[in-house]
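Below: the structure, in structure tokens.
The values are calculated or read from the model by the stated rules, or taken from the named source; none is laboratory data. Note that the coordinates shown come from a computational prediction; the quantities given were computed from them, not determined experimentally. Here the Cβ is made from the backbone with ideal geometry for all residues, glycine too, and neighbour counts use every protein chain on show. To get the accessible areas, we keep the full protein, side chains included, count just its heavy atoms, and leave off ligands, DNA and RNA. Shrake-Rupley method; radii C 1.70, N 1.55, O 1.52, S 1.80 Å.
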Amino acid sequence: MAIDAATVRKVAKLARIAEPESRIEPLANELNGIISWIEQLNEVDTDGVEPMTTSVAMGLPMRDDVVTDGGDPAKVLGNAPRAEKSFFVVPKVVE
Amino acid sequence: MSELTGLTLKAALEGLAAKRFSSEEITTAHLAAIDASSALNAYVVGTPEKALEMARASDARRASGQAGPLDGAPLGIKDLFCTEGVESTAGSMILRGFKPAYESTVTSQLWRDGAVMLGKLNMDEFAMGSSNETSAWGPVVNPWRQQGRNADLTPGGSSGGSAAAVAAELCLAATATDTGGSIRQPAAFTGTVGIKPTYGRCSRWGIVAFASSLDQAGPMARSVEDTAILLRSMAGHDPKDSTSIDAEVPDFASFCGRSVKGLRVGIPREYRVDGMPAEIDALWEQGIAWLKDAGCEIVDVTLPHTKYALPAYYIIAPAEASSNLARYDGMRYGLRVEGDNLTDTYEKSRAQGFGAEVKRRILIGTYVLSAGYYDAYYLKALKVRRRIADNFDQAWQTCDALLTPTAPSAAFALGDKSDDPLAMYLNDIFTVTVNLAGLPGMSVPAGLDAQGLPLGLQLIGRNLDEGTLFSLGSALEKAADFRARPAKWW
């Protein structure tokens with residue numbers, strides 16, 4: 001099996017999603033079902049094929065490096081779960 | 001349903017221009033229809049006060065001779081579009097209560113052109129779903145039912161709220177978005193018209209991101225011409241979206257009704273899949289005959305990598321989603337569930353805020369991007385994506401557009417496929433290729449199945465050639481003369 005319980009735990013950790021122990025095995029089964037269906041891509045010969053990241057054939061547009069917005073902390077903080085004065089309040093990061 | 005709610009967008013704009021009724025009157029009629037439609041669960045947020053205010057302002061503009069192209073027309077907005085000061089949740093618990101401080105480019109252009117907002121339309125969570133069952137606010141119910149049955153059917157997804165609201169006459173037209181088929185499949189399931197324009201036509205700025213290289217906004221309405229009218233206002237270059245195409249926006253409606261004589265329409269043989277209902281195959285044949293009668297030349301084409309589009313999509317879209325959805329960390333907006341430390345807070349907030357399908361896709365995306373698997377899955381999928389796009393380029397050597405079915409079935413019952421992610425994913429088998437290649441695709445209602453449910457045909461066009469789709473779409477519409485409407489039971 002390509003994806004075992006340990007892989008699910010690792011991926012869930014990387015994705016920062018707490019998955020209860022009871023969900024690990026079912027998730028391993030679901031993800032294996034999807035990944036093994038995806039394996040059919042190996043039938044396609046892609047030697048020398050350039051990966052396609054976008055369908056828009058253009059370079060990244062540039063603009064002048066100037067401030068175009070800002071100066072409205074009340075708007076920025078309007079949806080904050082917790083805010084004080086002009087700051088987001090977040091859990092302690094550095095001990 | 002009053003007479004006013006049953007009008008096409010075009011007829012409503014003509015009626016407003018001729019002052020046969022006011023925007024306040026047609027808006028009030030729609031608000032009453034919405035009030036009586038709770039069984040459909042199409043709207044997640046109603047904005048009646050805002051709607052009436054916008055309608056009165058529109059009437060004042062019209063009285064002073066300053067009406068815009070959509071002036072006074074009441075529309076529904078998919079909840080993926082951020083609307084300033086109006087709750088925008090993308091169907092997710094993690095955004096409950098989120099009131100954007102800004103307006104998406106697409107919706108701001110609608111208001112610029114005078115349209116009236118009725119409210120926000122339900123959808124699959126973060127647009128991940130084909131049946132509307134992943135919405136945190138419960139599924140939308142299709143206004144259509146099988147003849148003689150009462151079972152609730154899906155309106156399709158992810159733009160199920162948009163599709164149901166248009167079909168049930170709860171708005172003149174609606175905005176929607178399409179990452180793998182989310183405009184076209186619900187249009188087919190509800191007997192409405194939907195077009196996903198060329199990637200880059202409509203700005204993605206202010207639309208909650210799912211898979212940024214595939215997401216594209218488009219209109220849904222009850223006629224081909226109505227979608228053309230709405231798309232003209234939605235489209236246009238936007239410096240705030242770096243993938244927005246700087247191309248002229250034509251008067252799309254002027255393509256409707258044009259002769260399609262001599263156009264070469266390709267029929268891709270790979271779209272004949274095993275297990276497809278005979279009725280859909282027959283409808284496809286009928287569509288070919290209609291276009292032939294209208295003077296089109298029918299050509300056989302091959303798109304050999306079609307069967308690999310869906311598996312490639314289920315690497316690319318989750319990979320992009322896992323990256324895009326990393327922003328929901330409970331710090332700056334959205335749900336926060338306090339934990340023992342920062343990481344614990346992230347993990348609990350995301351565990352509680354996201355639904356099962358969204359988590360599943362984030363996990364797939366994280367897996368295919370993780371060390372050791374990136375080349376085998378993600379890079380491989382991007383190469384297959386190129387192959388798929390090349391197939392279309394080949395096809396354009398011999399044809400001007402393609403005709404296919406939109407979906408492999410008619411609307412199915414809610415609950416039918418919700419336990420089987422793969423069966424659900426297969427809904428997008430005919431639509432997803434278009435997103436990978438960035439091409440425009442349209443679904444036109446073309447007939448009813450034996451149970452009385454609508455079926456759609458899909459037209460696929462060249463890059464930036466929506467005009468040809470509007471011409472062919474209106475030719476199909478005229479030939480099919482699809483007038484069936486769902487019988488009101490809600």
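Quick check on my filter: what residues within the stretch B:350-376 are more than 7 Å from chain A (Cβ to nearest Cβ) and assigned to a helix (DSSP H, G or I)?
Of everything in the stretch B:350-376, those that are more than 7 Å from chain A (Cβ to nearest Cβ) and assigned to a helix (DSSP H, G or I) turn out to be B:GLN352, B:GLY353, B:ALA356, B:GLU357, B:VAL358, B:ARG361, B:GLY365, B:VAL368, B:LEU369, B:TYR374, B:ASP375, B:ALA376.
Pick from B:ASP400, B:ASP420: which is of a type in the set (Asp, Glu) and either within 14 Å of chain A (Cβ to nearest Cβ) or under 22 Å from A:ILE3 (Cβ atoms) (or both)?
Values: B:ASP400 fails: either within 14 Å of chain A (Cβ to nearest Cβ) or under 22 Å from A:ILE3 (Cβ atoms) (or both).
After ruling out the rest, the residue left standing is B:ASP420.
Cβ-Cβ distance below 6 Å, separation of 6 or more or different chains: which pairs start in the stretch A:33-49 with a residue that is closer than 15 Å to B:TYR314 by Cβ and facing another protein chain (nearest Cβ under 8 Å) and end on one that is at pLDDT below 95 and in a loop (DSSP other than H, G, I, E, B)?
A:ILE35/A:ALA2
Out of B:ALA389, B:ALA407, I need the residue that is modelled with pLDDT of 95 or more and within 11 Å of chain A (Cβ to nearest Cβ). Which one? Lay out the reasoning, then the answer.
Details: B:ALA407 fails: within 11 Å of chain A (Cβ to nearest Cβ).
B:ALA389 is the lone residue from the list that is modelled with pLDDT of 95 or more and within 11 Å of chain A (Cβ to nearest Cβ).
Taking the condition of being touching a residue at least 12 places away in the same chain (Cβ under 8 Å), within 7 Å of another protein chain (Cβ to nearest Cβ), open to solvent by 10 Å² or more (accessible area, probe 1.4 Å) and in a helix (DSSP H, G or I), how many residues in the stretch B:312-343 meet it? Before the answer, list the steps.
Taking the stretch B:312-343 first, the residues touching a residue at least 12 places away in the same chain (Cβ under 8 Å) are B:312-325, B:328-330, B:333-337.
Add one more test, that the residue is within 7 Å of another protein chain (Cβ to nearest Cβ), and what stays is B:312, B:314-315, B:322, B:330, B:333, B:336.
From the residues that got through so far, the ones that are open to solvent by 10 Å² or more (accessible area, probe 1.4 Å) too are B:322, B:333, B:336.
Narrowing the set further to residues that are in a helix (DSSP H, G or I) leaves B:322.
So the answer is 1.
Report yes if B:TYR346 is under 26 Å from A:PRO73 (Cα atoms) and not in a helix (DSSP H, G or I), otherwise no. Steps first, please.
Numbers: under 26 Å from A:PRO73 (Cα atoms): yes; not in a helix (DSSP H, G or I): no.
So B:TYR346 does not fit the description; no.
Restricting to the stretch A:57-74, what's the tally of residues that are at the interface with chain B (Cβ under 10 Å from one of its Cβ atoms) and open to solvent by less than 100 Å² (accessible area, probe 1.4 Å)? Give the steps one after another, and end with the answer.
We begin by selecting, within the stretch A:57-74, every residue at the interface with chain B (Cβ under 10 Å from one of its Cβ atoms); these are A:57-63, A:68-69, A:72, A:74.
Subset that is open to solvent by less than 100 Å² (accessible area, probe 1.4 Å): A:58-59, A:61, A:72, A:74.
Matching residues across the stretch A:57-74 total 5.
Which pairs have Cβ atoms under 6 Å, sit 6 or more apart or on different chains, and link a residue in the stretch B:9-27 that is under 15 Å from B:LEU110 (Cβ atoms) to one that is among the acidic types (Asp, Glu) and assigned to a helix (DSSP H, G or I)?
B:LEU9/B:ASP226; B:SER23/B:ASP59
Filter the stretch B:82-106 for residues that are over 17 Å from B:TYR328 (Cβ atoms) and more than 12 Å from chain A (Cβ to nearest Cβ); which is most open to solvent (accessible area, probe 1.4 Å)?
Looking at the filtered set, the residue picked out is B:GLU103.
When the residues of the stretch A:75-90 are narrowed to those that are of a type outside the set (Phe, Trp, Tyr) and not in a loop (DSSP other than H, G, I, E, B), which ends up nearest to the other protein chains (Cβ to nearest Cβ)?
Residues of the stretch A:75-90 of a type outside the set (Phe, Trp, Tyr): A:75-86, A:89-90.
So of that shortlist, the ones also not in a loop (DSSP other than H, G, I, E, B) come out as A:75-76, A:83-84.
Values: A:LYS75: 4, A:VAL76: 7, A:ALA83: 9, A:GLU84: 14 Å.
That would be A:LYS75.
Please tell me if B:GLY461 is among the small types (Gly, Ala, Ser), within 14 Å of chain A (Cβ to nearest Cβ) and open to solvent by less than 20 Å² (accessible area, probe 1.4 Å).
Values: among the small types (Gly, Ala, Ser): yes; within 14 Å of chain A (Cβ to nearest Cβ): yes; open to solvent by less than 20 Å² (accessible area, probe 1.4 Å): yes.
Against the criterion (among the small types (Gly, Ala, Ser), within 14 Å of chain A (Cβ to nearest Cβ) and open to solvent by less than 20 Å² (accessible area, probe 1.4 Å)), B:GLY461 qualifies.
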